[in-house]
1. Enumerate the pairs (first residue in the stretch B:111-132 and more than 16 Å from B:Gly155 (Cα to Cα); second residue anywhere and surrounded by 11 or more Cβ atoms within 10 Å (Cβ to Cβ) and basic (Lys, Arg)) with beta-carbon separation below 8 Å, excluding pairs fewer than 6 apart on the same chain, so at least 6 apart or on different chains.
2. Of all residues in the stretch A:86-116, which are more than 9 Å from chain B (Cβ to nearest Cβ) and over 16 Å from A:Met139 (Cβ atoms)?
3. Considering only the stretch A:133-184, state which residues are of a type in the set (D, E, K, R) and under 28 Å from A:Glu34 (Cα atoms).
4. Among the residues of the stretch B:276-293, are any more than 14 Å from every other protein chain (Cβ to nearest Cβ) and hydroxyl-bearing (Ser, Thr, Tyr)?
5. For the stretch B:112-132, give me each residue that is under 28 Å from the mean Cα position of the chain (by Cα) and β-branched (Val, Ile, Thr).
6. Restricting attention to the stretch B:306-324, and to residues there that are crowded, with 24+ Cβ neighbours inside 10 Å and either away from every other protein chain (no Cβ under 11 Å) or without any contact (Cβ under 8 Å) to a residue 24 or more places away in the chain (or both), which single residue is nearest to the chain's Cα centre (by Cα)?
7. Among the numbered conditions (1) modelled with pLDDT of 90 or more; (2) within 18 Å of the chain's Cα centre (by Cα); (3) hydroxyl-bearing (Ser, Thr, Tyr), tell me where A:Thr103 comes up short.
8. Which is of a type in the set (Asp, Glu) and either touching a residue at least 12 places away in the same chain (Cβ under 8 Å) or not in a loop (DSSP other than H, G, I, E, B) (or both), of B:Glu182, B:Glu166?
Amino acid sequence: MNRTIIKLENVWKIYKMGEVKVNALRGVDLSIKEGEFVSIMGPSGSGKSTCVNMVGCLDVPSKGRISLDGHNIAHLSESELAQIRGRKIGFIFQQFNLIPTLTAIENVMLPMVFQGYSQEDRIKRGKELLALVELQDRMHHRPTELSGGQQQRVAIARSLANNPEVILADEPTGNLDTSTGKNVMDFLMKLNRKEGKTIIMVTHDSYVANAANRVEYLKDGKIIKTKHN
Amino acid sequence: MLNEYFNLALKNLLKRKLRSWLTMIGIFIGIAAVVSLIGLGQGLRNAVIGQFSFLGTDFITVQAGGVQFGPPGSGVVKPLTKDDVEDLNDVNGVKFAIGRLIKTGKTEFDDKVSFNFVGSMPDGEQRKEVEKILGIKAEKGRLLKDGDRLKVVVGNHLLNKDHLGEKLKIGSKILVQGKQFEVVGILESRGSFIIDTVVFMNIDTMREVFDKKDDVSAILVKTRDGANMNIVKENIEKVLRRTRKVDEGEEDFRAELAANNLAALDSTLFAVQLFVYIIAGISLVVGGIGIMNTMYTAVIERTKEIGIMKSIGAKNEDVFILFFFESGLLGMVGGIIGIGIGVGLAKGLAYIGSLQLGSNLIQANISFGLIVGALLFSYLIGSLAGILPAVQASKLSPVEALRYAK
């Protein structure tokens, strides 16, 4: 049995909107094992994004416990969380979120800057990763000079920069047409199967969600159903 | 690592070229003002001090009368005399006293007429002292020696066309106060308009020509090593009061320490420079506020980018450094351009000044220290202005920042 890499136990997130309290998450329990490909599905407002922010150490819960590799991260400071994110988690976003002033390879190398890798190592790894997503010939192009699918592949390469155990994809195909989306999904599946990366993906597209081993359905801040593929 | 942040900061600035330029204008006006005005001020100070500081600090000058314009000793009711010089030689603490005659004279050569200072040279040992004090050297020919009658040594600029002209050479015969003299030496340019346009002749000849048998325009007193200057000055005043029969407070002469003259001059120049510093300082503060404003805008504009960087592992301090560098860079690039403009401005103004004055009296004196100082200062201003925006950027929550839509 693979080890558990991320575990959410009774996680609550309560936002205060003025006088009103909004319960974005209401006691979520979720356990993800190394090498799994998990989809989180749900309608908008179901708490998907909040959930993925928690899993990605971008935010801490109001209540409950989140463990990453057995360590509780609920009480860590922002900078400590940043270090964990940088090393252990790679992000892929719906809007690609590349830095517009940087070229493809510079975008891929950026996470390594924050981990203090040498320039030499960064360039070597950056080239490898761009080759992996088949964009070695677009290395020095800026995001605006790339198509949506290409940008998302650069983002995938970037998410792998520090060789994280977990890839967190938030609607990775949401801004892409069907065939480009399928191409991106193929890359993600390849990462999962060949590289053994743990992938957690948020989507509202059931076709995309079904690429995963397991689909968790979220509604009103709670997991209401789990489906194994 | 740091140079990576530097590159990122630079890229961001280059992306917003127009705004970066506009922001930097504030800084480069300030720095250009600082560099050019301080450079010119320093040049002016050097020029002024060069004109008036022939004397070392161990000298006391004695002149008759109060403050006046023109050569010392002119228009004075009761001039100093040879006897006074003798008396001062006996004063305690005095190494020697030299009486000098300095007048304005009419010189003529080759149909050209010039009015300039005519100065006397003492005989014997004292000649060497005066030559040393004035720092004069012969560029052509020789300096005067004892027994040179009807011979003169002339300042370098007398050869200029608005004085006696370039035909003037060793052996030329010139008229001084209507009397014919032979030019035996032309001095090296000393950078002082007094020395550069002077005509020197021996004291005896000068007394004849100007018909001043006993008068002395000024007395130069060199004190003994280690003597207390103020006490020597008081001694001199005591003796002169007695011989000239005047009471304390009603002196018809003035004894001054050379060092004091210089200090007074310096404090006036310092006041001028202070004024310049204040104006430049104001403009730099305004420039700094401009940078701060731009950086705040940049933080808001790049909120999403900050969120992205945080999500891929940038710590708060990384984000801070990035914005801090960017802001410092704005200041420093502004500073570099400002220094360029400032140096150009100072040299240009000095050049125009030299054309107007017909002499290179005022020169821009831009020291290495001034340039380095201006550069560091501009970086400092940029950095300081960037601190608050950078703190704001670093404290953004990644979730909020990522959600931020442009």
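The values are calculated or read from the model by the stated rules, or taken from the named source; none is laboratory data. Just so it is clear, the model here is predicted, and its values are computed rather than measured. Note that we place each Cβ from the backbone using ideal geometry, even for glycine, and neighbour counts take in every protein chain shown.
1. B:Pro122/B:Arg100; B:Arg127/B:Lys145; B:Glu129/B:Lys222
2. A:Lys88, A:Ile92, A:Gln94, A:Phe96
3. We begin by selecting, within the stretch A:133-184, every residue of a type in the set (D, E, K, R); these are A:134, A:137-138, A:142, A:145, A:153, A:158, A:165, A:170-171, A:177, A:182.
Listed by number, the residues that qualify are A:Glu134, A:Arg153, A:Arg158, A:Glu165, A:Asp170, A:Glu171, A:Lys182.
4. In the first step, residues of the stretch B:276-293 are kept if they are more than 14 Å from every other protein chain (Cβ to nearest Cβ); the result is B:276-293.
Okay, now just the ones that are also hydroxyl-bearing (Ser, Thr, Tyr), so B:277, B:283.
Within the stretch B:276-293, one or more residues are more than 14 Å from every other protein chain (Cβ to nearest Cβ) and hydroxyl-bearing (Ser, Thr, Tyr).
5. B:Val118, B:Val130
6. Applying the filter and picking the extreme gives B:Phe324.
7. Single failed check for A:Thr103: (2).
8. Just a single option satisfies the conditions, and that option is B:Glu182.
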